[in-house]
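The values are calculated or read from the model by the stated rules, or taken from the named source; none is laboratory data. Keep in mind that what you see is a predicted model, and the values were worked out from it rather than measured. Cβ: placed from backbone, ideal geometry, glycine included. Neighbour counts: every protein chain shown. These accessible areas exclude ligands, DNA and RNA; they are computed on the full protein's heavy atoms, side chains included. Shrake-Rupley method; radii C 1.70, N 1.55, O 1.52, S 1.80 Å.
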Amino acid sequence: MKSPLLSLPGAVPAEGVDDGVAAHYGDLFREQRALADGTGFVDLSHRAVVTVSGEDRLTWLHLLLTQHVSELPAGEAAEALILSANGHVEHALYLVDDGATVWAHVEPGTQDALVAYLESMKFFYRAEVADRTADFAVVHLPAGSIAGVPAGVVVRETPYGRDLFLPRADLESYAAEAGPPAGILAHEALRVEHHRPRLGFETDHRTIPHELGWIGTAVHLQKGCYRGQETVARVQNLGKPPRRLVFLHLDGSEVHLPPQGTGIRLADEGPDGRRIGFITTSVRHHELGPVALALVKRNVPADAPLMAGDTAAAQETVVQP
């Protein structure tokens, strides 16, 4: 869905999965600094919104999600995953319960598959699943923001800010009052700074939660009864994940950022060295310069200098080897 905020002065459309909202509004670093200072907002209206209502909504979702949600207090935010039978990540949900309905925003274009899976698992549970993307838009307010929230709007509050499930018809009027807009590139830069994985960027068809640090934030190790739990428990108790997420400081002299999928090799192995990982997200940060998240093999030394394509990179540990 194309956001009406693309008509704001300076708006440059984003591409790829984030098509439909602004990449930036003319000054990427100013927008990042504003978010870091707790001002402005981010239009995330391209993200999908799925709700689950009904008396059994929490106890039912508890059986399907990696997170403990059976007693989730109203207003408390949570992150949760849906895994395949082999423990690979299929969906990431960012949710909150308002006392009557669970609201979740998910990656653009994933809602059909998510709703279909949830519907297939309802059985006798009293729960109603709905795709509300056409009616509600996600707006992000950064941590520390004093911007107002309209009465009746569901809010998901986290250490990184507040996600508003705003009626889509109110998006333009709210934007006029919420302060300067920041594009998705500014939002992504802060996400990378905080080492937060994103479905479809840090994940591929074989990603397991341990590789990305989702254990503890999106996976509750003291609950069971969800698909893929056996893999989670086995890796947690008996083994180690084959890959690990790292944060990279990239050589600032390079003009272009290495795109997603760029192969990573050990710097001392030369241009013909073996591939030991790949870039998942690369951004330009207003303070840190060019940085990236990447997946590398677990046994890569944590202090080893790396090359991302032709770009030198120094790594910081996110997930322990």
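For the reader, a short list of remarks on this structure follows.
- Each Lys or Arg adds one and each Asp or Glu takes one away; over the other residues whose Cβ falls under 12 Å from the Cβ of His62, this sums to -1.
- Environment charge of Pro271, counting only residues whose C-beta is closer than 14 Å and scoring Lys/Arg +1, Asp/Glu -1: -1
- Kirkwood Rh, Cα atoms: Rg over Rh of the chain: 0.97
- Taken about its Cα centre, segment 113-248 carries a charge dipole of about 720 debye when Lys and Arg each add +1 at the Cβ and Asp and Glu each add -1 at the Cβ.
- Segment 132-210: trypsin sites (Lys or Arg not before Pro) falling in loop per DSSP and having at most 15 other Cβ within 10 Å: Arg206
- Reachable lysines from Lys240, criterion Cα separation under 28 angstrom, eight or more residues apart if same chain: Lys223, Lys297
- Among the protein heavy atoms, those of Val139 account for about 0 Å² of accessible surface (1.4 Å probe, every chain in place).
- Protein heavy-atom accessible surface, 1.4 Å probe, per residue over segment 237-321: 50 Å².
- Accessible-area ranking of Tyr25, Tyr160, largest first, probe 1.4 Å: Tyr160, Tyr25
- Surface share of carbon and sulfur [accessible, 1.4 angstrom probe, percent] for segment 1-241: 53
- For segment 1-89, trypsin sites (Lys or Arg not before Pro) are listed when DSSP marks them as loop and at most 16 other Cβ atoms sit within 10 Å of their Cβ; the list is Lys2.
- Residues of segment 83-109 falling in the label zone of Thr217, defined by backbone nitrogen less than 19 Å from a point 7 Å along Cα to beta-carbon, are 83, 88-96, 104-108.
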